[in-house]
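**Student:** A single structure is presented below for examination.
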Amino acid sequence: MRIVHTIAELRQALAGATRSAFVPTMGNLHEGHLSLVKQAKEHGGPVVASIFVNRLQFAPHEDFDTYPRTFERDCDLLRGVGCNVVFAPDEAELYPEPQVYKVQPPAALADILEGHFRPGFFTGVCTVVLKLFHCVQPKVAVFGKKDYQQLMVIRRMVQQFALPIEVVAGETARADDGLALSSRNGYLSDAERAEAMHLSMALKDLANSLQHAVRNGPSLDLPALEQQATSALAARGWQPDYLTVRRRADLLAPTDDQMRGGEPLVALGAARLGKTRLIDNLEI
């Protein structure tokens, strides 16, 4: 495995490659990231993983400075799953001058849910991903479904800019108790870790309640079901941002007819447990 820190070194390492696959990360890797690398290897050609903590997607009050940097461990893990190239630029390499040109995703998709609670987040994500795409020039890029809205935003960006990249979705990796694997799980205390599984359980309960209402109820009241799920999680000591059901196609709220007609849906949730904010989702 080759570790490179500059764009020039990266392009030299990939010289002659015609079908590279790319997995962008911010490091502090876990089995979820490694599963994406394994999936990338299925597409043939060299696999590139980037490690870069992107300042542009952190709000001033968020954890940029304290976000775990575990570079040596990350490289050992990537080497173990057959990654070919690790691209680990510093800020001066990727942003040699203030990044005043930025990608502004559409508000209808990017200013709801995560974008509502983290203003500017998806602008930062799109800007760094587009820049990384130009650096790596992959044919395939693999993103995890755990960040469901991010996956949709990136897919739309690739489509809008006619980028010659296939965006592939990786299933959410979970612990045995159902908790979605996340780099921020490491912030949880032992007691919080034992409680954390209840976010995924709350989404399952919300999905089950909706499916029961669709089958048996004369009318549907999705906002009431969402509020019920939110209140139940809050009663356990969480601080929910949202527990909601949306259309998979565009993350808009479904109509009653769409819910009854089998529209593909997804339940999404974000909530703070102690000082740690966790997100999860469940396709319905």
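**Student:** On a straight-distance basis, which lysines could pair with LYS131 in a cross-link, Cα separation under 27 angstrom, same-chain partners fewer than 8 positions away excluded?
**Tutor:** Partners within reach: LYS38, LYS41, LYS102, LYS139, LYS145, LYS146.
**Student:** For THR66 and ALA17, compute 0.36 nm times the residue count separating them, minus their Cα-Cα distance, and round to one decimal in nm. Kindly include the intermediate steps, with their values, before the conclusion.
**Tutor:** On the way: separation 49, 0.36 × 49 = 17.64 nm, distance 3.63 nm.
Using 0.36 nm per residue and subtracting the Cα-Cα distance, I get 14.0 nm.
**Student:** Set the Förster radius R0 to 35 Å, insert the Cβ-Cβ distance between ALA191 and HIS212 as r into 1/(1 + (r/R0)^6), and round the FRET efficiency to 0.05.
**Tutor:** Taking R0 as 35 Å, the efficiency between ALA191 and HIS212 is 0.65.
**Student:** Where does each of LYS131, LYS38, LYS275, LYS145 land when they are ordered by accessible area, with a 1.4 Å probe and the largest first? Provide the component values of the computation, followed by the final result.
**Tutor:** Working: LYS131 55, LYS38 105, LYS275 190, LYS145 30 Å².
Largest to smallest exposure gives the sequence LYS275, LYS38, LYS131, LYS145.
**Student:** For ASP241, what residues show an amide H to amide H distance below 5 Å, using hydrogens built from the backbone and excluding near sequence neighbours?
**Tutor:** Correct list: ALA270, ALA271, ARG272.
**Student:** Using only the Cα atoms of segment 107-193, build the gyration tensor, take square roots of its eigenvalues as a ≥ b ≥ c, and label the shape rounded, prolate or oblate: rounded if a/c is under 1.5, else prolate if a/b is larger than b/c, else oblate.
**Tutor:** The shape class here is prolate.
**Student:** Kindly identify segment 40-167 as rounded, prolate or oblate by the Cα gyration tensor criterion: order the square roots of the eigenvalues as a ≥ b ≥ c, call it rounded if a/c is under 1.5, otherwise compare a/b with b/c, prolate if a/b is larger, else oblate.
**Tutor:** oblate
**Student:** Let me ask something additional. Averaged per residue, what accessible area in Å² does the chain show with a 1.4 Å probe, protein chains only?
**Tutor:** 48
**Student:** To continue, here is another question. Determine the shape class of segment 137-264: with a ≥ b ≥ c the square roots of the Cα gyration tensor eigenvalues, call it rounded for a/c under 1.5, and otherwise prolate if a/b is greater than b/c, oblate otherwise.
**Tutor:** Oblate.
**Student:** Before rounding to the nearest 500, sum -39500 (n - 2.57) across all DSSP H runs of length at least 4 in the chain and divide by the residue total; then give [θ] at 222 nm in deg cm²/dmol.
**Tutor:** It lands at -11500 deg cm²/dmol.
**Student:** Right, something else. List every residue whose amide H lies under 5 Å from the amide H of ARG2, counting only residues 5 or more places away in sequence or on a different chain, with H placed 1.01 Å from N in the peptide plane.
**Tutor:** Excluding prolines and chain starts, which carry no amide H, the hits are VAL85, VAL86.
**Student:** Ignoring ligands, DNA and RNA, please state the percent of accessible area on the chain from carbon and sulfur, probe 1.4 Å.
**Tutor:** Carbon plus sulfur share of accessible area: 51 percent.
**Student:** On to the next question. May I ask for the distance between the Cα centers of segment 202-227 and segment 238-284, given as a whole number of Å?
**Tutor:** Taking the Cα centre of segment 238-284 as reference, the centre of segment 202-227 is 12 Å away.
**Student:** Mind checking which of VAL125, VAL48, VAL81 has the largest fluctuation in a GNM of the chain, springs on alpha carbons under 10 Å?
**Tutor:** VAL81
**Student:** Between segment 92-107 and segment 36-69, what is the C-alpha centre distance in whole Å?
**Tutor:** 16
The values are calculated or read from the model by the stated rules, or taken from the named source; none is laboratory data. Given the structure is predicted, the values throughout are model-derived calculations rather than measurements. Backbone-built Cβ (ideal geometry, glycine too); neighbour counts: all protein chains shown. The protein model used for the area step is the full one, side chains on, heavy atoms only, and it has no ligands, DNA or RNA in it. Shrake-Rupley method; radii C 1.70, N 1.55, O 1.52, S 1.80 Å.
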